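Trainee: Here you go, one structure.
Throughout, read-outs are computed from the coordinates displayed, never taken from laboratory work. Everything numeric in this text was worked out from a predicted model, so none of it was measured. Cβ coordinates were reconstructed from backbone atoms using ideal geometry, including for glycine residues, and neighbour counts include every protein chain displayed.
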Amino acid sequence: MRSDALASIQRDIEVDVPLRDAWDALRDVGNIHRRLVPGFVSDCRMEGRVRVVTFGNGSVLREPILDVDDARHRVAWAGVGGTFEHYNASVQAFELDGDRVRLRWIADLLPDESAPTVAGMIEEGLRVMKRTLEGAR
């Protein structure tokens, strides 16, 4: 990647849960440490529209919630602080059939040199989401 280019990461995973169950957990933005990614996120609290996330590795990031879209089953947020010059992301659920969804996590960030680390975190986050959502059935 060019050092002046914005890195864009997209990862998908299929989850064996109905859309209504996946969306119910995704839209609960202040409880992701309990309902969506326990362990990957060890703590989460809301300060107004800002989610303060403590990751399993101890790092903390402030995430203003940009949108919770019930029609498109999409949550979007930004990341403030840490090593990012820019960070915005979304997770969206797409119904595949009555009992399965595809979760798509997209992140755009600077500096682009952070992309491999962030991609690894996204992949781990999606694996934890899958395990958590499927285990809640």
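Trainee: Taking the Cα centre of the chain as the origin, how large is its charge dipole in debye, to the nearest 20, when only Lys and Arg (+1) and Asp and Glu (-1) carry charge on their Cβ atoms?
Mentor: My answer is approximately 300 debye.
Trainee: What's the angle, to the nearest 10 degrees (0 to 90), between helix 115-135's Cα axis and the longest principal axis of the chain?
Mentor: Around 20 degrees separate the two axes.
Trainee: With a 10 Å Cβ neighbour count serving as the proxy for reagent exposure, in which order, fewest first, do M121, M129, M46 appear?
Mentor: Result, fewest neighbours first: M46, M121, M129.
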